[in-house]
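The values are calculated or read from the model by the stated rules, or taken from the named source; none is laboratory data. As the structure is a prediction and not an experimental result, all values here were calculated from the model. Positions of Cβ are backbone-derived with ideal geometry, glycine not excepted, and every protein chain shown enters the neighbour counts.
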Amino acid sequence: MNSPADPHRDDSGSGPGDHVEDPFDPELLEGVFHVEMADQPIELQSHRMVFNPTSFGRNLAPLLAARMTPGMSVCEVGIGGGVLCILAGKLGAGHVTGLDINPHAVHMARRNWVRNGLPEHGARFLQSRGFGALDNGGLFDLVWSNPPVLPVIDTLDQAVVDRDGFEVAGAHGRGVLDGMLKGARARLNPGGRLVTIATSLQGWLETVRLLESEWGSYQVLQMLELELTDECGPPYIDWWLGQEARDGEARIYQRNGKWLHKVWYLEARP
């Protein structure tokens, strides 16, 4: 695969040079499957380099559905196979924009959008670091993201060889999350809002600091305790425990022999 610039860099960039195009590899296509998101049936085709829906997205879906009204202009940063963009289309969004640094995700979101019978003119999917591929006129009523969380670790080989490589998100795993907290406000129409996920893995205190400094108001819509997923192996566990030893802020904890972390579903308004 031809990697799109460096997927491990901070994703908060916003210049026209951040719009890149890479070829799609159809040999990595996987099977077709069905999911239900916020009571909406959705059909997806999988791809080895693209994330399939996770528990994070399944929990995010009803929160988004409750905030969508027909005709809205909406934007997702970090689209995977496009499942939440498709949900927005099924719920009557006027126009959907999906942004992802992963070129395979962009192509699969386009394919899956059409697979679900949605009109091609109803959405655009762009390869982009953060909001970088958008022109200055791109404003939305609702922006959301389920950001990647893994930190860059200098002593670890984090080359992108499968979908998990796109889970690496800069220093402390905050690259995409910080891009949302610092950059999404300027992308909202009057009355618009940001809905995003943050976890204890990334450091909750820094998330609160940015919410308070960058936004007029925010609220925690939901807080869950979830097990670490498979890609969060021993090197990352050691890194998070090391961070806790350095700054005293808990990232992960054990219960009944399993590693857990806290996950916050957040809404912010200008």
Within region 231-259, how many residues are under 29 Å from Arg163 (Cα atoms), out of contact with any helix residue (DSSP H, G or I) (no Cβ under 8 Å at 6 or more places or on another chain) and of a type in the set (Asp, Glu)?
-> 2
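Here's the yes/no breakdown for (1) under 21 Å from Thr69 (Cβ atoms); (2) modelled with pLDDT under 95; (3) loosely packed, with under 15 Cβ neighbours inside 10 Å:
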site: Arg187; (1), (2), (3): yes, no, no
site: Gly191; (1), (2), (3): yes, no, yes
site: Leu194; (1), (2), (3): yes, no, no
site: Gly203; (1), (2), (3): no, no, no
site: Glu214; (1), (2), (3): no, no, no
site: Asp230; (1), (2), (3): no, yes, yes
site: Trp240; (1), (2), (3): no, no, no
Selection status of Ala88, more than 17 Å from the chain's Cα centre (by Cα) and surrounded by 23 or more Cβ atoms within 10 Å (Cβ to Cβ) | no
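Residues Leu266, Leu210, Leu201, Leu205: which one is in a helix (DSSP H, G or I), under 13 Å from Met180 (Cβ atoms) and not hydroxyl-bearing (Ser, Thr, Tyr)? Quick ask: steps written out before the conclusion?
On the way: Leu266 fails: in a helix (DSSP H, G or I); Leu201 fails: under 13 Å from Met180 (Cβ atoms); Leu205 fails: under 13 Å from Met180 (Cβ atoms).
Only one candidate qualifies: Leu210.
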How many residues does region 166-182 hold that are small (Gly, Ala, Ser), crowded, with 19+ Cβ neighbours inside 10 Å and out of contact with any strand residue (DSSP E or B) (no Cβ under 9 Å at 6 or more places or on another chain)?
-> 1
Selected residue (only one of Gly98, Gly122, Gly81 is without any contact (Cβ under 8 Å) to a residue 40 or more places away in the chain and surrounded by fewer than 23 Cβ atoms within 10 Å (Cβ to Cβ)) | Gly122
